[in-house]
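Trainee: Handing you this structure, nothing more for now.
The values are calculated or read from the model by the stated rules, or taken from the named source; none is laboratory data. In this text the structure is predicted, and so the values were computed from the model without any measurement. FYI the Cβ positions are ideal-geometry reconstructions off the backbone, even for glycines, and counts take in every protein chain you see.
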Amino acid sequence: MEGIYFIIDFDSTFIQTESLEELSVIASKEQPDRNYRIEQIAKLTSMAMNGEMSFEDSLRQRISLLKANRNDLESLVKTLKRKITPSFQRNKRFFQENKDHIIILSSGFHEFIDPIVSGFGLSLENIYANRFSFNETGEIQGVDELNPLAHNGGKVAVVRKLKLKGEVYVIGDGYTDYELKKAGLADHFYAFTENVSRDYVVKHADHVLPTLDELLFKFRLPASVSYPKNRIKVLLLENIHSEAVKILKQEGYEVETYTGAWDEATLIERIPEVSILGIRSKTTVTAKVISQAPKLLAIGAFCIGTNQIDLESADQQGIAVFNAPYSNTRSVVELAIAEMIMLIRRIPDKSIAMHQGKWDKSAANSREIRGKKLGIVGYGNIGSQLSVLAESLGMEVYFYDIVDRLALGNARKCNSLKELLKAVDIVSLHVDGRDSNTDLFGKAELSAMRKGTILINLSRGHVCDISMLAQAVRNGKIAGLGVDVFPDEPATNKDKFISELQRLPNVILTPHIGGSTEEAQENIARFVPAKIIDYVNSGTTYGSVNMPNLTLPEQKNVHRLIHIHRNIPGVMAQINGILAKNQVNIEGQYLKTNEQIGYVITDINKAYDKGITKELKAIEGTIRFRVLY
């Protein structure tokens, strides 16, 4: 740090807010024109920070509007201590260890700045700010006019007088901070945008600083996080719910969103800089895409299935994949039950007839579902919940699954799909998207069904042969059909949908909306980002569909080494050998493997030779290595 100085602004930089605006809120609690004064002070602040009016005029007008007392300052300090900028708060060590090279330069006031900044170990001698002037009753009536910071160009005047020898870096959010660079007194001006981003200021900045972490990373200075979160780029496709965007942005990530699915070529072009990819069911993440994603840490499938992701390739690159296996279960189940009732009552045909002016008040071929036999193919999360709700409606439930599942309630397990099809009145498909389920429902299965059966497919489009389904509806083998998923689906809502099932009697076609309720999408939007954030921050893989599942304890005063490697003998011994050779004390260690990869987490004391990371990365079979702190 020799020969380097950091000049840091206070309002909207060191703290998240503008102090005079906060003071106006506190001082005007009992005033009838409270809202007007607060709004005007905020407006005047913004105009000065954007360079739209002189600082001096702005300051004088704000002071006249304040009508604040010395006694209000104690409350203000308490408020500001709760609003210290997060990246400053978590990096107190930087301030403490470099206090002689940090200058706080503000057009704010010592009365509230000193108590905040001194808590970071900075010397009061390195704080340059204004001072209030008070009348005999303690009312704020103005500023110390002898202080250059009370006038236009005040920051320039102060820094010019300091005659700093060395490189000068200015960090701030306002025009007055930029003026230091403009006057030739600073080598670099960083527009600080963690709290507020002003277009005019950003335009004139040498660099944009989303958080203090970015600066510390750049200068290799003591930091509380091993990697700045603003460098973690998130790409969300297919119109993922806004709650997910909000959560990921709050974490500090850079987030891009798109409404439609992307093809392989587009993904390959855009994926190299992406750290987190979020998709739904229409985007296919192939081995080629994954091979071009060196920074990709995690893929979030904002849906149930993950068959659209090459999990083996993700394993080979050490990329964790997370999905939402339970978040939309209820929504799919409710649609299945709704379609059963609609189809067995032949509501689709009656509704169309009514729209055409036809009044057909007849009970012919209209039945209750009570007492009917429901066959569930696939007895996982959705199938088993459907079983419980259907039974509560008075249905007899049969199920078939290639996995040995425990029957819920009075549901009866069938030993084969054919056995189930011969027994039931309604069939509801809830299998996963594995390739072996392609054309699971074809000619042989349709032949095994009773004539007049109702069929519902809310699982995957490739499970059913669409041509066979259309033929079965025409010849009466299927009396009612509900289909939500299709082998070929439009990439966006603007693309046209064409299917042989269109305009057939008693058929409900829905655009892959089984899980598309507001409740389900919001649940998914919270669940998947939470898993990804936990993985990025702590290494926890619980809930990942491809990585060995580890739930890890909270990090406390340690550095966490994450080593992902091919599952070959001797890797653990080599890791521990390197640590022992370098006399590194292990605070905790966790290992789990699957057939393809091993996942080792080692918590070590903070005092260690950083060179050991190169040795750990060089171990044969290493796929990925990260350090967390």
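Trainee: Hey, can you tell me all the residues within segment 234-254 that are over 17 Å from Asn523 (Cβ atoms) and in contact (Cβ under 8 Å) with a residue 24 or more places away in the chain?
Mentor: Here is the first cut: in segment 234-254, the residues over 17 Å from Asn523 (Cβ atoms) are 234-235, 237, 249-254.
Listed by number, the residues that qualify are Val234, Leu235, Leu237, Glu251, Gly252, Tyr253, Glu254.
Trainee: Among the candidates Leu164, Leu149, Leu122, Leu105, which residue alone is in contact (Cβ under 8 Å) with a residue 60 or more places away in the chain and buried (at least 21 other Cβ atoms within 10 Å of the Cβ)? Spell out how you get there, then give the answer.
Mentor: Numbers: Leu164 fails: buried (at least 21 other Cβ atoms within 10 Å of the Cβ); Leu149 fails: in contact (Cβ under 8 Å) with a residue 60 or more places away in the chain; Leu122 fails: in contact (Cβ under 8 Å) with a residue 60 or more places away in the chain.
The conditions single out Leu105.
Trainee: Of all residues in segment 257-273, which are farther than 16 Å from Ile309 by Cα and in contact with a helix residue (DSSP H, G or I) (Cβ under 9 Å, 6 or more places away or on another chain)?
Mentor: Thr257
Trainee: Kindly indicate whether any position in segment 507-515 is at pLDDT below 95 and surrounded by 21 or more Cβ atoms within 10 Å (Cβ to Cβ).
Mentor: Checking segment 507-515: at least one residue is at pLDDT below 95 and surrounded by 21 or more Cβ atoms within 10 Å (Cβ to Cβ).
Trainee: Same structure, new question: Restricting the search to segment 446-469, which residues are touching a strand residue (DSSP E or B) at 6+ places or on another chain (Cβ under 9 Å) and farther than 19 Å from Val332 by Cβ?
Mentor: Residues of segment 446-469 touching a strand residue (DSSP E or B) at 6+ places or on another chain (Cβ under 9 Å): 446, 449, 451-461, 463-466, 468-469.
Hits for segment 446-469 are Leu446, Met449, Lys451, Gly452, Thr453, Asp465, Ile466, Met468, Leu469.
Trainee: Thr176: among the β-branched types (Val, Ile, Thr), at pLDDT below 95, in the same structural domain as Pro115 (by TED's automatic domain parsing) and under 43 Å from the mean Cα position of the chain (by Cα), yes or no?
Mentor: Values: among the β-branched types (Val, Ile, Thr): yes; at pLDDT below 95: yes; in the same structural domain as Pro115 (by TED's automatic domain parsing): yes; under 43 Å from the mean Cα position of the chain (by Cα): yes.
Spelling it out, Thr176 is indeed among the β-branched types (Val, Ile, Thr), at pLDDT below 95, in the same structural domain as Pro115 (by TED's automatic domain parsing) and under 43 Å from the mean Cα position of the chain (by Cα).
Trainee: Sticking with this one: Could you identify the single residue in Thr283, Thr306 that is over 30 Å from Asp177 (Cβ atoms), touching a Leu at 6+ places or on another chain (Cβ under 6 Å), among the hydroxyl-bearing types (Ser, Thr, Tyr) and in contact (Cβ under 8 Å) with a residue 24 or more places away in the chain?
Mentor: Of Thr283, Thr306, the one residue that is over 30 Å from Asp177 (Cβ atoms), touching a Leu at 6+ places or on another chain (Cβ under 6 Å), among the hydroxyl-bearing types (Ser, Thr, Tyr) and in contact (Cβ under 8 Å) with a residue 24 or more places away in the chain is Thr283.
Trainee: Considering only residues that are under 16 Å from Leu628 (Cβ atoms) and of a type in the set (A, V, I, L, M, F, W, C), look in segment 558-574 and name the one that is surrounded by the most Cβ atoms within 10 Å (Cβ to Cβ).
Mentor: First, pick out the residues of segment 558-574 that are under 16 Å from Leu628 (Cβ atoms): 558-564.
Narrowing the set further to residues that are of a type in the set (A, V, I, L, M, F, W, C) leaves 558, 561-562, 564.
Values: Val558: 18, Leu561: 25, Ile562: 19, Ile564: 23.
Once the filter is applied, the top-ranked residue is Leu561.
Trainee: Then there's this: With respect to the numbered conditions (1) in a helix (DSSP H, G or I); (2) in contact with a helix residue (DSSP H, G or I) (Cβ under 7 Å, 6 or more places away or on another chain); (3) farther than 30 Å from Ser224 by Cβ; (4) touching a residue at least 40 places away in the same chain (Cβ under 8 Å), which one is the sole condition not fulfilled by Ile63?
Mentor: It fails just one condition, (2).
Trainee: So which residues in segment 125-153 are within 22 Å of His101 (Cβ to Cβ) and either part of a helix (DSSP H, G or I) or more than 43 Å from the chain's Cα centre (by Cα) (or both), if there are any at all?
Mentor: Glu125, Asn126, Leu149
Trainee: Looking at Thr541, is it modelled with pLDDT of 95 or more, β-branched (Val, Ile, Thr) and assigned to a loop (DSSP other than H, G, I, E, B)? Let's see the steps before the verdict.
Mentor: Details: modelled with pLDDT of 95 or more: yes; β-branched (Val, Ile, Thr): yes; assigned to a loop (DSSP other than H, G, I, E, B): yes.
Against the criterion (modelled with pLDDT of 95 or more, β-branched (Val, Ile, Thr) and assigned to a loop (DSSP other than H, G, I, E, B)), Thr541 qualifies.
Trainee: Free of Cβ contacts under 8 Å to residues at least 12 places away in the same chain, part of a loop (DSSP other than H, G, I, E, B) and more than 36 Å from the chain's Cα centre (by Cα): does that describe Glu30?
Mentor: yes
Trainee: Among the residues of segment 549-581, how many are under 19 Å from Phe322 (Cβ atoms) and within 22 Å of the chain's Cα centre (by Cα)? Quick ask: steps written out before the conclusion?
Mentor: The first filter runs over segment 549-581 and keeps only residues under 19 Å from Phe322 (Cβ atoms), leaving 549-552, 562, 564.
Now narrow it down to the ones that are within 22 Å of the chain's Cα centre (by Cα): 549-552, 562.
Count: 5.
One line per residue, one yes/no per condition, for (1) among the hydroxyl-bearing types (Ser, Thr, Tyr); (2) at pLDDT 90 or above; (3) within 31 Å of the chain's Cα centre (by Cα):
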position: Ala48; (1), (2), (3): no, no, no
position: Arg60; (1), (2), (3): no, yes, no
position: Lys67; (1), (2), (3): no, no, no
position: Lys78; (1), (2), (3): no, yes, no
position: Lys83; (1), (2), (3): no, yes, yes
position: Ser87; (1), (2), (3): yes, yes, yes
position: Phe94; (1), (2), (3): no, yes, yes
position: Asp100; (1), (2), (3): no, yes, no
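Trainee: Continuing with this model, one more query. Looking for something part of a helix (DSSP H, G or I) and either more than 34 Å from the chain's Cα centre (by Cα) or modelled with pLDDT of 95 or more (or both) - is there at least one such residue anywhere in segment 391-398? Talk me through it step by step, then tell me what you get.
Mentor: Taking segment 391-398 and keeping what is part of a helix (DSSP H, G or I), we get 391-392.
The next check asks that each one be either more than 34 Å from the chain's Cα centre (by Cα) or modelled with pLDDT of 95 or more (or both); those that pass are 391-392.
Yes: one or more hits.
Trainee: Those residues that are exposed (fewer than 15 other Cβ atoms within 10 Å of the Cβ), under 12 Å from His559 (Cβ atoms) and free of Cβ contacts under 8 Å to residues at least 40 places away in the same chain, I need them from segment 586-608; list them, please.
Mentor: Selection gives Gly588, Ala607.
Trainee: Please enumerate the residues belonging to segment 167-216 that are crowded, with 19+ Cβ neighbours inside 10 Å, hydrophobic (A, V, I, L, M, F, W, C) and outside any strand (DSSP E or B).
Mentor: Leu180, Leu185, Ala186, Val201, Ala205, Leu212, Leu215, Leu216
One line per residue, one yes/no per condition, for (1) of a type in the set (A, V, I, L, M, F, W, C); (2) touching a helix residue (DSSP H, G or I) at 6+ places or on another chain (Cβ under 7 Å); (3) in contact (Cβ under 8 Å) with a residue 60 or more places away in the chain:
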| position | (1), (2), (3) |
| --- | --- |
| Met53 | yes, yes, no |
| Lys78 | no, no, no |
| Lys81 | no, yes, no |
| Arg93 | no, no, yes |
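Trainee: With of a type in the set (D, E, K, R), closer than 30 Å to Lys246 by Cβ, surrounded by fewer than 21 Cβ atoms within 10 Å (Cβ to Cβ) and touching a residue at least 12 places away in the same chain (Cβ under 8 Å) as the only criterion, which of Arg474, Arg526 stands out? Even if it seems obvious, please write down each step before you answer.
Mentor: Details: Arg474 fails: closer than 30 Å to Lys246 by Cβ.
It is Arg526.
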